Amino acid sequence: MTARYNGMSRDTGLDITDLDHIRQSVRDILVTPVGSRVMRRDYGSLLSALIDQPQNPASRLQVMAACYMAILKWEPRISLTAITFESHFNGQMVVELTGVRRETPGAFSLTVPLS
């Protein structure tokens, strides 16, 4: 038995497809700081604490681990296969996620700007 999620767009209030709802959910998980939700303090990721860290291999690994742990905990519909992290000279940081959907065959990819 597979669960079907009915999603609603946060921008328009209209129905969205399962894949769009997954993308919206993953983006929300990653940009929500842990501890900021009143009734669900452990929801979100630790990315906000890592944004001002030096751009070295250790902090890149911490960013990737924070993404993986948050999505593993809060998004049961996908399984991640790769996480890449890019920082640009203008200070913008971007996380690119790829994976597969668990309930239906299909690839999943998402780019999330962090700053």
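The values are calculated or read from the model by the stated rules, or taken from the named source; none is laboratory data. Everything numeric in this text was worked out from a predicted model, so none of it was measured. No Cβ is skipped: glycine too gets one built from the backbone with ideal geometry, and neighbour counts run over all protein chains shown.
Odds and ends about this structure:
- Residues that are assigned to a loop (DSSP other than H, G, I, E, B) and within 16 Å of the chain's Cα centre (by Cα) within region 37-48 comprise Asp42, Tyr43, Gly44, Leu46, listed in sequence order.
- Residue-level analysis places Ser25 among those that are assigned to a helix (DSSP H, G or I), surrounded by 17 or more Cβ atoms within 10 Å (Cβ to Cβ), small (Gly, Ala, Ser) and modelled with pLDDT of 85 or more.
- In region 61-89, residue surrounded by the most Cβ atoms within 10 Å (Cβ to Cβ) [restricted to those that are assigned to a strand (DSSP E or B) and at pLDDT 90 or above]: Ile78
- Checking Gln53, Gln92 one by one, the residue that is surrounded by fewer than 13 Cβ atoms within 10 Å (Cβ to Cβ), touching a Pro at 6+ places or on another chain (Cβ under 8 Å) and either under 18 Å from Ser115 (Cα atoms) or free of Cβ contacts under 8 Å to residues at least 60 places away in the same chain (or both) is Gln92 and no other.
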